[in-house]
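J.: The structure under discussion is supplied below as structure tokens; questions concerning it will follow.
The values are calculated or read from the model by the stated rules, or taken from the named source; none is laboratory data. Fair warning: this is a prediction, and the values are worked out from it, not measured in the lab. Ideal geometry is used to build each Cβ from the backbone, glycine not excepted, and the neighbour counts take in all protein chains shown. Ligands, DNA and RNA are excluded from the accessible area calculation, which covers all protein heavy atoms including side chains. Shrake-Rupley method; radii C 1.70, N 1.55, O 1.52, S 1.80 Å.
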Amino acid sequence: MDVIEIRESLPGDQGAVLALYPRAFPEEELRPTVTALLDETDGVISLVALSGDLVVGHALFTDCSVEGSDWRIALLGPLCVDPDHQRNGIGQALIREGIACMGMRGTALICVLGDPGYYGRSGFLPERRISTPYPIPEEWQDAWQSVSAGEDVDGPKGRMIVPAPWRDPKLWSE
Ligand SMILES: CC(C)(COP(=O)(O)OP(=O)(O)OC[C@H]1O[C@@H](n2cnc3c(N)ncnc32)[C@H](O)[C@@H]1OP(=O)(O)O)[C@@H](O)C(=O)NCCC(=O)NCCS
């Protein structure tokens with residue numbers, strides 16, 4: 001079992017973070033998106049999971065807004081754990097830490113487009129009030145999920161507005 005430390009990433013972690021992605025996503029090239037998100041000067045929380053000195057997991061949480069409202073929401077993604085370290089609770093620990101972090105920043109809700117079988121374990125439920133910034137395939141409707149990061153209030157409703165690195169319709173449909 002890994003002993004894991006979760007912390008915000010430092011500029012010096014970028015090489016190790018980017019090296020995780022082809023290992024965790026062999027059929028998807030996410031490094032340009034991850035690099036663009038890491039280059040954002042604010043509004044992005046980048047968390048790494050460390051086993052000793054080794055970066056074995058990474059998660060990004062991006063500040064977003066809701067069209068026509070003042071609500072602050074966030075988008076989780078990508079999330080990855082090195083295949084040699086998967087099934088040790090690292091993914092869930094990164095999600096937990098990110099939710100806590102975003103809650104402290106005044107974020108109401110965290111959305112994700114991902115497998116409900118996985119994210120449901122961390123409290124995510126299908127999201128129907130916030131719509132995705134770009135259309136997603138019909139069969140992915142249940143993959144669009146959210147979890148509250150703060151008080152459970154009658155929260156935001158409307159279309160999610162994302163910063164530049166997420167403004168590519170292909171990221172939402174392929
Ligand atoms: C998904 C991922 C981040 C999980 O990381 P992890 O550290 O292994 O996850 P955890 O240890 O917190 O949870 C593991 C559990 O989730 C399950 N799980 C993993 N992916 C799952 C999925 N897509 N659907 C349902 N369950 C899933 C595992 O089978 C395991 O179950 P078990 O504890 O009953 O054995 C990791 O497998 C990964 O990087 N995968 C490739 C990239 C990816 O798909 N990222 C998510 C993009 S939406």
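J.: Check ASP39 against each of (1) surrounded by fewer than 12 Cβ atoms within 10 Å (Cβ to Cβ); (2) over 17 Å from the mean Cα position of the chain (by Cα) and name the one condition it does not meet.
T.: The number of the failed condition is (2).
J.: Name the one entry in GLU174, GLU97 that is more than 8 Å from the ligand (Cβ to nearest atom) and either more than 15 Å from the chain's Cα centre (by Cα) or part of a loop (DSSP other than H, G, I, E, B) (or both).
T.: None of the others qualify; the one that does is GLU174.
J.: Still on this structure, please answer the following. Residues in segment 113-131: is at least one β-branched (Val, Ile, Thr), within 16 Å of the ligand (Cβ to nearest atom) and under 17 Å from the mean Cα position of the chain (by Cα)?
T.: Within segment 113-131, not a single residue is β-branched (Val, Ile, Thr), within 16 Å of the ligand (Cβ to nearest atom) and under 17 Å from the mean Cα position of the chain (by Cα).
J.: Cβ-Cβ below 9 Å, separation at least six or inter-chain, first residue in segment 137-149 and in contact (Cβ under 8 Å) with a residue 24 or more places away in the chain, second of a type in the set (Val, Ile, Thr) and in a helix (DSSP H, G or I): which pairs?
T.: VAL147/ILE95; VAL147/ILE99; SER148/ILE99; ALA149/ILE99
J.: Would you be able to say whether some residue in segment 48-55 is touching a residue at least 60 places away in the same chain (Cβ under 8 Å) and either more than 13 Å from the ligand (Cβ to nearest atom) or not in a helix (DSSP H, G or I) (or both)?
T.: So far as segment 48-55 goes, no, none of its residues is touching a residue at least 60 places away in the same chain (Cβ under 8 Å) and either more than 13 Å from the ligand (Cβ to nearest atom) or not in a helix (DSSP H, G or I) (or both).
J.: Here is a follow-up. For segment 121-151, what are the residues that are in a helix (DSSP H, G or I), open to solvent by less than 40 Å² (accessible area, probe 1.4 Å) and of a type outside the set (A, V, I, L, M, F, W, C)?
T.: SER122
J.: Please verify whether ILE4 is at pLDDT below 95 and either on the phi < 0 side of the Ramachandran plot or small (Gly, Ala, Ser) (or both), treating the condition exactly as stated.
T.: Spelling it out, ILE4 is indeed at pLDDT below 95 and either on the phi < 0 side of the Ramachandran plot or small (Gly, Ala, Ser) (or both).
J.: I would also like to ask the following. What's the total number of residues in segment 69-85 that are under 9 Å from GLY57 (Cα atoms) and either of a type in the set (Asp, Glu) or out of contact with any helix residue (DSSP H, G or I) (no Cβ under 7 Å at 6 or more places or on another chain) (or both)?
T.: Final tally of qualifying residues: 2.
J.: On to the next question. Name the residue that is most open to solvent (accessible area, probe 1.4 Å), counting only residues in segment 59-86 that are over 9 Å from the mean Cα position of the chain (by Cα) and within 13 Å of the ligand (Cβ to nearest atom).
T.: So, considering only residues that are over 9 Å from the mean Cα position of the chain (by Cα) and within 13 Å of the ligand (Cβ to nearest atom), the one most open to solvent (accessible area, probe 1.4 Å) is ASP84.
J.: May I pose another question? Kindly provide the set of residues from segment 95-120 that are hydrophobic (A, V, I, L, M, F, W, C) and more than 19 Å from ALA143 (Cα to Cα), ordered by number.
T.: ALA100, CYS101, MET102, MET104, ALA108
J.: Inside segment 134-168, can you point out the residues that are in contact with a Gly (Cβ under 7 Å, 6 or more places away or on another chain) and hydrophobic (A, V, I, L, M, F, W, C)?
T.: Once the filter is applied, which keeps residues that are in contact with a Gly (Cβ under 7 Å, 6 or more places away or on another chain) and hydrophobic (A, V, I, L, M, F, W, C), segment 134-168 yields ALA143, VAL147, ALA149.
J.: Restricting to segment 29-61, give me the number of residues that are among the charged types (D, E, K, R) and either modelled with pLDDT under 95 or under 20 Å from ARG87 (Cβ atoms) (or both).
T.: 3
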